[in-house]
Amino acid sequence: MIKGNLPNKMDKKVSIIIPVKKINDYIKESLKFINKLNYEKNLIEVIILPDEKENFSDKFPFTLKIIETGPVYPGIKRDIGYKNSTGEIIAFIDDDVYPSENWLLSAVKIFEKDENIGAIGGPAITPPSDSYFQKVSGFIYSSFLGGGNYSYRYLPQKARQVDDYPSCNLIIRKDVLDKINGFNTEFWPGEDTVICLKIIKNLKMKIFYDPNVLVYHHRRKFPAGHLNQVKSYGLHRGYFVKKFPETSFRLSYFFPSLFVLYLLSLLVVLPFIKGLFYLIWLLPFLFYIIFLIIDGIRFYKYLPFVMVGIFITHIFYGVYFIKGLLAKRLKEETENK
């Protein structure tokens with residue numbers, strides 16, 4: 001936790017970078033909340049990066065730039081945005097994210113107190129306005145079994161130092177980006193893993209998580225949108241175990257795949273064993289169901305979908321993690337789209 005007296009006045013200019021395919025309703029919502037930020041508007045610059053040139057008729061008290069990028073990956077868009085920015089602090093969010101009132105103020109205060117903090121992240125919680133099945137997706141990610149050790153990314157929890165953080169809410173010093181040449185990658189998702197590793201490994205700087213650096217993140221609907229996202233997460237994390245083992249070769253990432261292999265063993269082994277051995281082999285799955293029910297009860301209005309969703313999420317992530325682990329190559333920095 002950052003300690004000491006925090007400065008009362010912030011004079012750091014901040015550039016908010018938002019990659020997007022095209023201007024959408026979520027972007028318009030985000031701009032309205034950026035306008036409500038507890039931060040001097042003349043110190044805020046917003047850069048939106050759509051594929052094609054678009055006009056924006058609304059006027060805001062902060063600087064708004066729209067830069068056409070063509071159909072490139074989000075990491076490339078973010079690099080284009082930061083290289084065209086004038087801020088000392090670069091705040092990256094996704095197009096389906098909007099900030100809480102003290103989002104920037106909280107982050108800049110932390111930067112002011114510790115020069116060795118290169119980047120800051122905070123929770124991206126599910127907005128109350130999301131639909132029923134968007135909330136199901138959010139509850140899966142924030143649940144004990146669904147989010148595991150990483151549920152702090154989806155719910156406000158205690159401040160801590162981290163080494164890998166999602167780019168949907170990642171705030172970085174501009175001079176840090178200059179030193180590491182930005183994201184410089186076509187990995188997507190996973191561009192955040194690449195840049196975070198550069199910060200902690202190449203620059204030996206810290207990444208800090210603070211619950212007050214909070215944004216709201218609209219979820220993809222369960223099941224289709226949610227599971228497509230999970231598949232991509234699993235595939236890239238499995239590949240990153242080999243590519244970036246410093247932050248990806250961790251037992252927690254292997255658990256869903258081990259669970260899938262265990263379920264397959266049930267189909268193979270159970271028909272051939274009886275009595276005590278049958279019970280012993282089945283016991284882990286029974287415990288899993290118990291924990292699934294306990295976890296789901298917290299979301300009682302969504303219980304059946306959250307319970308089923310957590311189970312299916314583990315299956316999808318586990319299968320695609322193995323696929324990524326076995327992949328010889330995924331799209332990397334040196335490849336063209």
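Worth pointing out:
- Rounded to two decimals, the Cα radius of gyration of segment 108-240 over 2.2 N^0.38 Å is 1.08.
- P(r) weight above 15 Å for segment 238-326, C-alpha pairs, percent: 67
- Rel. contact order, % - alpha carbon contacts under 8 angstrom, at least six apart, segment 187-275: 25
- Computed over neighbours whose Cβ is under 12 Å from that of Phe144, the net charge equals 0, Lys and Arg +1, Asp and Glu -1.
- Computed on the chain, with alpha-carbon pairs under 8 angstrom and 6+ residues apart, the relative contact order is 19 percent.
- Segment 26-111 - Kirkwood radius from inverse mean 1/r over Cα pairs (Å): 13.6
- The angle between the Cα long axis of helix 224-243 and the longest principal axis of the Cα atoms of the chain comes to about 90 degrees, rounded to the nearest 10.
- Compactness index (Cα Rg / 2.2 N^0.38 Å), the chain: 1.05
- q = 0.12, 0.19, 0.23 Å⁻¹: log10 I(q)/I(0) that the Debye formula gives for segment 159-219, counting C-alpha atoms only: -0.29, -0.73, -1.03
- Ordering Thr126, Thr185 from the fewest to the most neighbouring beta carbons within 10 Å gives Thr126, Thr185.
- Part-to-part distance (alpha-carbon centres) for segment 102-154 and segment 235-288, which is given in Å: 28
- Each peptide in 87-95, 159-167, 55-63 receives the mean, over its residues, of other Cβ atoms within 10 Å, and ordering these scores from highest gives 87-95, 159-167, 55-63.
- Separation in nanometres of the label points that stand 7 Å from Cα toward Cβ, at Lys204 and Gln161: 1.3
- DSSP beta bridge pairing in the chain, given as percent antiparallel to the nearest 5: 40
- Residue-averaged 222 nm ellipticity for the chain, from DSSP H runs of 4+ at -39500 (n - 2.57), nearest 500: -14000 deg cm²/dmol
Here, each number is a calculation from the coordinates, and none is a lab measurement. Model, not experiment: these values are computed from the prediction. Cβ: placed from backbone, ideal geometry, glycine included. Neighbour counts: every protein chain shown.
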